[in-house]
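One structure is given here, and the rest of the page talks about it.
The values are calculated or read from the model by the stated rules, or taken from the named source; none is laboratory data. Quantities reported herein were computed from a predicted structural model and do not represent experimental measurements. Cβ placement follows ideal geometry from the backbone for every residue including glycine, while neighbour counts extend to all protein chains displayed. With ligands, DNA and RNA removed, areas are computed over all heavy atoms of the protein, side chains included. Shrake-Rupley method; radii C 1.70, N 1.55, O 1.52, S 1.80 Å.
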Amino acid sequence: KHDAMKADRERRGKEIREHMRTMDVADLLRMVFQAQQDRVAAYKVFDSGLETVLASGNITSYPALCAKATATFSVLSDTINSIRSCLREQHGRTDAARAVDQLQKKEGEKLNLTAAAHLERLRLRNAQVEGGARDNGEDERAAALLREGIKTLDGKVAKVVEEINDCIEELRCIAADE
């Protein structure tokens with residue numbers, strides 16, 4: 001089953017790449033913008049799913065949420081990587097390809113930071129549940145450290161989002177010249 005899914009994914013990827021070869025730079029950049037909108041929606045689903053897990057206390061459902069998010073982000077990343085290759089190889093647009101590459105790097109950073117923040121939130125939830133049974137200062141200190149870690153990670157995510165927006169703006173300028 002896994003091999004069949006992998007083969008199907010490779011086949012679809014090849015079809016998409018062949019279709020991209022017929023597209024001009026403006027169309028390729030529109031595809032990047034659409035994939036980026038899809039990423040934003042995927043993050044909303046991922047974050048909302050975490051909130052549901054935290055509210056319900058059903059932490060065992062988190063791995064399935066992660067698997068779904070990973071699959072979604074992987075498809076979007078593969079698509080954008082194919083666009084980047086097409087921009088560079090078919091159209092000789094190293095400027096656009098470089099901007100897309102920077103976007104991909106920043107999105108990778110954002111995903112890693114988001115996953116780390118999710119794990120810290122899960123750890124905080126566990127500490128609060130376990131700490132509720134025992135009322136001591138050590139548990140509160142641990143919770144305070146986790147909250148501080150979450151705040152730091154959220155700040156890093158916000159900074160990377162600004163950098164992603166800068167990449168998108170650069171790509172919009174390139175698209176406007178097409």
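Picking from Val161, Cys173, Ala127, whose Cα lies most toward the positive end of the charge dipole for the stretch 68-178 (charges on Cβ: Lys, Arg +1; Asp, Glu -1)?
The Cα lying farthest towards the positive end belongs to Ala127.
Given a 10 angstrom Cα cut-off, can you work out which residue in Arg39, Arg141, Arg88 is the most mobile in a GNM of the chain?
Ranking Arg39, Arg141, Arg88 by mean-square fluctuation puts Arg141 first.
Cα gyration tensor of the stretch 79-119, axes a ≥ b ≥ c as square roots of the eigenvalues: rounded (a/c below 1.5), prolate (a/b > b/c) or oblate?
Prolate, since a/c reaches 1.5 and a/b exceeds b/c.
Say we join alpha carbon atoms closer than 10 Å with springs in a Gaussian network model of the chain; which of Ser82, Ser74, Ser56 then has the biggest fluctuation?
Ser56
Given a 1.4 Å probe, how much area per residue of the stretch 1-84 is accessible, in Å²?
61
Quick one: pull the percent of accessible area on the chain belonging to carbon and sulfur, 1.4 Å probe, ligands and nucleic acids left out.
Its accessible area is 53 percent carbon and sulfur atoms.
Using 0.36 nm per residue of separation minus the Cα-Cα distance, give me the extension gain between Ala7 and Arg98 in nm, one decimal.
Result: 29.8 nm gained on full extension.
Give the value in nm², to one decimal: projected area of the alpha carbon convex hull of the chain, averaged over all directions.
Taking the Cα atoms of the chain, their convex hull projects to 11.9 nm² on average.
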